[in-house]
1. Roughly how many nanometres apart are two label points built 7 Å out from the Cα toward the Cβ at residue B:205 and residue B:17?
2. Give the peptides A:64-74, B:25-35 in descending order of average Cβ contacts within 10 Å, highest first.
3. Let me know the mean shielding of A:116-125 by other chains, meaning the per-residue number of their Cβ atoms within 10 Å of its Cβ.
4. What order do you get for A:46-57, B:38-49, A:169-180 when each peptide is scored by the mean count of other beta carbon atoms within 10 Å, highest first?
5. Could you give the distance between the Cα centres of segment B:136-166 and segment B:2-62, to the whole Å?
6. Summarise the partner chain shielding of B:51-64 as one whole number: the mean count of Cβ atoms from other chains within 10 Å of each residue's Cβ.
7. When the Kirkwood radius is taken over all Cα pairs of chain A, what Stokes-Einstein diffusion coefficient follows at 10 °C and 1.306 mPa s, in µm²/s?
8. Label segment A:1-78 by shape, choosing from rounded, prolate and oblate, from the square roots a ≥ b ≥ c of the eigenvalues of the Cα gyration tensor; if a/c is under 1.5 it is rounded, and otherwise prolate applies when a/b is larger than b/c, oblate when it is not.
């Protein structure tokens, strides 16, 4: 087994399951920021995204014995985080406080590398994303923020490429309508 | 309501076409669409440095409470049930019939329930021999993986028992509840048809077996 920082996910998972609980910190450090953009965009704010990532990491520990393929821990963790994000959105719906434009904490502050117009457009897009359905929002974030191809998104989410494209194309139309004053 | 983008413009946004490949009458719409996706902020987000400590604090607490729960579970009085079941099922054509698991009590306290097939185990009273059987006549390789071997797909291969397509292995499992599944030819996961299964939350079924210091049974 390698040093703590060099160990593969599989090695760390086995060590944790073998009783070395502190080794889990390696996985926490490794993945804490990787899915931050996804969670923040799905939930509309950095704070909510951070809560989701934290919760997902704890849930992953609690269910680590169920991780059938420890070398694919990253994908397994993503599914837990994804479930957590959808559950949080459902909870908000039940409580009558869906994502709205006030939850635009993901939008970057003033960017030195952009014109005022570009910054405004960026913020408008962040706000507009909150008006998409969760499924449309997810595919848009994974493709255009995370830079994944459709087949990679299909591998992560279990959806077919055809259905992903349909969601995305509806998202394009919706965003065009929402962004018409900024394009 | 603004009209939606032309299908060719959507293909442009999907990266399947370039702006130059669009018909000239669609290039203005294409340029507008590119401004839209160009507004995506891909700046990496860095979460609070305190997140690591918060997660590990909860993890330590859960690990400790898990230990307490395990101790209570081990020390609580309970009935012991032994089962030997073989149940045919149809599985995926190639593996037409499968048979299940036989659980054999090994280490038992004096005076406990008689075992199905007593076998000595060097005095290890916290382990129980569990015999796994899978009927898989078309398989080239079968292994069993589960929580007892950290889902290591190489740790517990089954061997052919005769020529009838029966694969078997016997493992000494620690006391506790275990989830497991068979891995056929290194790629197909098969749950045990003779044992109850639970959804692992990700669309797959894990079989369940409980092992106590005085016996073992399917849940």
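1. Calculated label separation equals 4.7 nm.
2. In decreasing order of mean packing, A:64-74, B:25-35 become A:64-74, B:25-35.
3. What the average comes to for A:116-125 is 3.
4. Highest mean packing first, the order is A:46-57, A:169-180, B:38-49.
5. 45
6. Across B:51-64, the average partner-chain Cβ count within 10 Å equals 6.
7. For the chosen part, D equals 89 µm²/s.
8. prolate
Each reported figure results from applying straightforward, stated rules to the coordinates on display, with no laboratory input. Because the structure is predicted, anything quoted here is derived from the model rather than measured. Counting neighbours? That spans all protein chains shown, and the Cβs are built from the backbone with ideal geometry, glycine included.
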